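Here is the structure we will look at.
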Amino acid sequence: MGVNNQSFIELNGRERAQAILDQGTFRELLGPFDGIESPHLPKQDIVPQSDDGVIIAGGLIAGEPAVVISIEGGFQGGGIGEVSGAKIAGALELALNNHKKGVPVRPVFLFDTGGVRLQEANYGLLSISEIGSAVVALREHTPVVGVISGNVGCFGGMSITASLFSYLIMTKEARFGLNGPEVIEQEAGVEEFDARDRSLIWKTIGGIQRYETGFADALAQDDVTAIQRAVQETFHKKEKVASKTEQVDFYRHLLSKVDPSEKMAPDQFQELYKATKNEHIPSTVSYSLNEVPGSMPNSRGRVWINALINDEEADFEIPSVLYKDALLGREKVRYISVVPNPYNRFLRARKGEVGLDEGWAIAKHVREVVKEDRNQSPRPIIAIVDVPSQAYGYHEELLGIHYACGAAADAYAAARLAGHPVITLIVGKAISGAFLAHGYQSNRILALKDEGVNVHAMSKQSAARITKRSIKELEEASKKVPSMAYDIESFASLGALYELISGIQAEQPTERDVQTIQDILTGAVEDVRREGVDDLSSRLHSEQARKAGRKASLLVRGELGKQWNI
């Protein structure tokens, strides 16, 4: 950086937004003086911030109307809670409405975030699913541009969001990955990833590595003018390019060349990516799978897909992602379930986690339904959810697990936008990035009322470590803030469930249980078709959401709409 250059990284969130917009055009929407703060932080003796760490600004970029969304990494690590998440999702939804009315607006997102704000947990996870939904829809009208500069970088569920963008610009100082090094070390041990090895971190998930392996589209100097120029250039591109999360065949082909039994160095992945990107992509991908015995461990995901397809044999390309077309009532639907495979070639994805292969496989099985049904009635897609988390590991971060999860989420959102009723049935755990990938992009979410059914942003042990609380303190906080709790009834209080289903034997369903679930699934499909809405707004307008669960989300969207004149 030259003597007269100005660092972009050293600016705060508001200054960064001002720097991106043409001089003199910055106008903040729903700013600090509007006084909408998180209602959940004071209950935990945490001082809130009057913009909740997110700046929404209207203005011009190269003379064209634009909206800039900037996260202030200095507040709660840039974590996403209910208010901040609603500001982001609301701004993107309003930009989408502009385009539908023929009034273009350029969306730019300045990332500096660790992902979900664990002190609000499920509110953050809900918001991130809604942000992702808006990005996928908006991307059809205009490039959606993201900048990852630092200081925090981009992690957690927001890295899955970033993977959906049309273009990403990074600095060499930035970091970009799903699971932070400290979290991987806590979950998998120091031998998996040494969080103190700063050189390894930047070689694995830093800006240069992400650019050289195609996970970032441009590498910009840490300079205000350079980043302004890089942002403007993305909007001048004439040719529309498929986002990376839509390039399912390429990334499955790339992963098929990886041998996870040998530790791959960052420079080896660069070489593999460059050698593969110009190759012919085969229509089918052959994996070198570990030998799988005839009997596999049971899990709720396996039990329920087998029950719902009348104990026919489920199909699979990889043993951890089962799928099957079967009748629901009188129509064909596609069921998809992620299940444990103790012989998974990726060691960190052997207990039912959504890993690299799993994310891209889900995307394939969803997108082939969309392709097959292009000229006929779109069939429903049922996501059966029992996922303990995303996979935590060195190879997962190096090879882009955030893109694998993003590909699955993108596929489900694309199916929903194409008219497929997408229904989620939670029969076990629905945790973190795994749930964002598999189940959170659905029109309707159903869940069994059972102690083994949990929804959350992170395992309880990890959440306690990250927030520096004991398990007991975490449980006490969840009594004041239901979004922090793990049980399904607390999640239901947020208003996102279409139905919480009682009286079902979750682990060994009877014939009557299966028939009950099939009837409820049929009703959910009919409800989606009757409503005729292809977004996720039903979660905001349920009776429970309006009365209590999403009051702040609705308030933010309402006030933002009043101030919107871009």
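The values are calculated or read from the model by the stated rules, or taken from the named source; none is laboratory data. Since we're looking at a predicted model, the values are computed, not measured. Every residue, glycine among them, receives a Cβ derived from its backbone with ideal geometry; neighbour counts consider all protein chains shown.
Some notes on this structure:
- Cβ-Cβ under 7 Å pairs, at least 6 apart or on other chains, region 216-237 side within 27 Å of I160 (Cβ to Cβ), far side charged (D, E, K, R) and outside any helix (DSSP H, G or I): L219/K172; D222/E173; F235/R106
- Residue within region 141-151 that is hydrophobic (A, V, I, L, M, F, W, C), within 21 Å of A552 (Cβ to Cβ), in the same structural domain as G63 (by TED's automatic domain parsing) and within 18 Å of the chain's Cα centre (by Cα) present: no
- Qualifying positions in region 127-179 - of a type in the set (V, I, T), assigned to a loop (DSSP other than H, G, I, E, B) and within 28 Å of S538 (Cα to Cα): T142, V144
- Selection from region 437-484 of residues that are more than 22 Å from the chain's Cα centre (by Cα), of a type in the set (A, V, I, L, M) and farther than 18 Å from R117 by Cα: L448
- Within region 320-347, residues that are over 14 Å from I305 (Cβ atoms) have Cβ atoms under 6 Å from residues that are among the polar types (S, T, N, Q) and surrounded by fewer than 24 Cβ atoms within 10 Å (Cβ to Cβ) in these pairs: G329/T522; Y343/N290; R345/N290, counting only partners at least 6 apart in sequence or on another chain.
- The set of residues in region 492-518 that are assigned to a helix (DSSP H, G or I) and more than 31 Å from the chain's Cα centre (by Cα) comprises E511, R512, D513, Q515.
- Set side by side, the residues V54, V67, V47 differ, and just one is under 20 Å from G156 (Cα atoms) and of a type in the set (A, V, I, L, M, F, W, C), which is V54.
- Tally, over region 539-566, of residues that are touching a helix residue (DSSP H, G or I) at 6+ places or on another chain (Cβ under 9 Å) and either of a type in the set (K, R) or in the same structural domain as I131 (by TED's automatic domain parsing) (or both): 5
- Candidate set: region 38-96, residues that are assigned to a loop (DSSP other than H, G, I, E, B) and acidic (D, E); chosen: the one surrounded by the fewest Cβ atoms within 10 Å (Cβ to Cβ): D45
Rundown of residues vs (1) of a type in the set (S, T, N, Q); (2) over 23 Å from the mean Cα position of the chain (by Cα); (3) closer than 28 Å to N12 by Cα; (4) outside the structural domain of S133 (by TED's automatic domain parsing), yes/no style:
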site: L168; (1), (2), (3), (4): no, no, yes, no
site: T171; (1), (2), (3), (4): yes, no, yes, no
site: P181; (1), (2), (3), (4): no, no, yes, no
site: D197; (1), (2), (3), (4): no, yes, yes, no
site: R210; (1), (2), (3), (4): no, no, yes, no
site: T225; (1), (2), (3), (4): yes, yes, yes, no
site: A230; (1), (2), (3), (4): no, yes, yes, no
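- Among the residues making up region 156-167, those that are under 19 Å from G180 (Cα atoms) and either touching a strand residue (DSSP E or B) at 6+ places or on another chain (Cβ under 7 Å) or of a type outside the set (A, V, I, L, M, F, W, C) (or both) are G156, G157, M158, S159, T161, A162, S163.
- Between Q23, Q76, the distinction of being more than 22 Å from D222 (Cα to Cα) and either in contact (Cβ under 8 Å) with a residue 60 or more places away in the chain or of a type outside the set (D, E) (or both) belongs to Q76 only.
- Filter result for the condition that a residue is among the acidic types (D, E), buried (at least 20 other Cβ atoms within 10 Å of the Cβ) and not in a helix (DSSP H, G or I), over D222, D259: D222
- The set of residues in region 97-119 being under 19 Å from Y167 (Cα atoms) and either assigned to a loop (DSSP other than H, G, I, E, B) or not aliphatic (A, V, I, L, M) (or both) consists of H99, P104, V105, R106, P107, F109, F111, D112, T113.
- Odd one out for A408, checked against (1) free of Cβ contacts under 8 Å to residues at least 60 places away in the same chain; (2) in contact with an Asp or Glu (Cβ under 9 Å, 6 or more places away or on another chain); (3) in a strand (DSSP E or B): (3)
- Condition met for V241 (under 26 Å from the mean Cα position of the chain (by Cα), under 30 Å from L138 (Cα atoms), in contact (Cβ under 8 Å) with a residue 24 or more places away in the chain and in the same structural domain as R367 (by TED's automatic domain parsing)): no
- Total residues in region 357-380 satisfying the condition of being buried (at least 19 other Cβ atoms within 10 Å of the Cβ) and in a loop (DSSP other than H, G, I, E, B): the figure is 2.
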